[in-house]
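Reading through the structure tokens given below for one structure.
Nothing in this text is a laboratory measurement; each read-out follows from the coordinates by a stated rule. These numbers come from a predicted model, not from an experiment. Reconstructed Cβ throughout: ideal geometry from the backbone, glycine too, with neighbour counts over all protein chains shown.
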Amino acid sequence: MRLEYFQMIDRFVDVNVGERVARAICTVPLQSPVFEGHFPGYPLMPGVLLIECMAQTTGWLVSALTGFTGLPALAGVKEGKIRNAVFPGDQLEFEGKVIHEGSGYAIGEAKGWCKGAAICDATLTYRIIPYPSPELRAGLWEWAERINFPAKEFAK
Amino acid sequence: MSTTFDKVAEIIAETCDIPRENIKPESHAINDLEIDSLDFLDIAFAIDKAFGIKLPLEQWTQEVNDGKATTDQYFVLKNLCERIDELIAAKGA
């Protein structure tokens, strides 16, 4: 997990675009400036970053479904729940499902686990927006390769 | 037509917390009901699910931006319901 870069996913372990589901794993770093503030003397993974983990897991799947023709921008989080505390060094698993592909938007459901216990879940809304810069889209392939997401297979 | 409108009005009332009696066939979703684009995504999702269709929001937005259509054509509720009925008919064809 590259926490300071907001690149939350270490590796996708299963991507099934036909079934509209993807699973990813990541390890919370042992040290980060985030934990110096949240909280001094009691490093705790911010719940909002667990939401981001779910959003990125599902967002990559939305990208694949749309053939990487647009950027899935997180637009809504419903029924977001943080069920358990997560600490530095914890290994996390996330599952994202796309439950609806609309015109210019998508709806996903995501969950996260730590040591088999549920830590978070939410329903996520994405707006699909045109890539705001060619550099962003061009950089996706290297990023995808690093996290084992088969992006080029689905790129239109 | 009335069935489609009733269902759409019910969805809008529930999604946006607007009193049902304020939602009329002549209401403009944006100008009269003040529904913003994010709430409209929730409404589109509910409409897609309820009628088994896919509202072509990207196409509509493009047409409005290109000056080929007005927002009234898609966002006045009676017109929206006509578009929904057309999509339902096209699905069954």
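A few notes on this one:
- Its DSSP H runs of at least 4 residues, each contributing -39,500 (n - 2.57), put the calculated 222 nm mean residue ellipticity of chain B at -20000 deg cm²/dmol, to the nearest 500.
- Calculated from backbone phi, Karplus (6.51, -1.76, 1.60) coupling profile of region A:123-140 in Hz, x at Gly/Pro: 9, 10, 10, 10, 8, 9, 10, x, 4, x, 8, x, 5, 5, 5, 4, x, 5
- Residues with amide H under 5 Å from that of A:Asp90, placed H, sequence gap 5 or more: A:Val28
- Derived scalar couplings between HN and Hα for region A:39-55 equal 10, x, x, 8, x, 9, 5, x, x, 5, 6, 5, 4, 5, 4, 5, 5 Hz in order, rounded to whole Hz, by the Karplus curve 6.51 cos²θ - 1.76 cosθ + 1.60 (θ = phi - 60°), x for Gly and Pro.
- With the largest listed first and rounded to whole Å, the semi-axes of the equivalent ellipsoid of region B:2-92 from the Cα gyration tensor are 18, 16, 12.
- One chain, two ends: B:Glu21 and B:Ile88. Fully extended at 0.36 nm per residue, the span grows by 21.5 nm beyond their Cα-Cα distance.
- Members of A:Lys156/B:Lys91; A:Lys81/B:Lys24; A:Lys81/B:Lys91; A:Lys78/B:Lys54 lying beyond 30 Å, as alpha-carbon distances in this model show: A:Lys81/B:Lys24; A:Lys81/B:Lys91
- Distance between region B:22-93 and region A:34-100 - C-alpha centres, whole angstrom: 31
- Residues B:Cys81, A:Cys53, arranged from fewest to most other Cβ atoms within 10 angstrom of their Cβ, appear as B:Cys81, A:Cys53.
- The amide H of A:Gly80, built 1.01 Å from its N in the peptide plane, has A:Thr123 as neighbours under 5 Å, considering only residues 5 or more places off or on other chains.
- Tail weight of P(r) past 14 Å, computed on alpha-carbon pairs of region A:1-77, percent: 65
- Placing R0 at 41 angstrom, the Cβ-Cβ distance between B:Lys78 and A:Trp143 gives a FRET efficiency of 0.30 after rounding to 0.05.
- Residues A:Val13 and B:Asn31, FRET efficiency given R0 of 51 Å [Cβ-Cβ distance, rounded to 0.05]: 0.60
- Over all projection directions, the Cα-based convex hull of region A:50-139 averages an area of 6.3 nm².
- Phi-derived couplings, Karplus 6.51 cos²θ - 1.76 cosθ + 1.60 at θ = phi - 60°, listed residue by residue for region A:71-79: 8, x, 8, 5, 10, x, 10, 10, 6 Hz, with x used for Gly and Pro.
- Note on B:Glu14/A:Leu30: beta-carbon distance plugged into 1/(1 + (r/R0)^6) with R0 of 35 Å gives a FRET efficiency of 0.15.
- Fewest-first ranking of B:Leu38, A:Leu140, A:Leu50, using other Cβ atoms within 10 Å as the exposure measure: B:Leu38, A:Leu140, A:Leu50
- Per-selection Rg to Rh, chain A - Cα, Kirkwood hydrodynamic radius: 0.96
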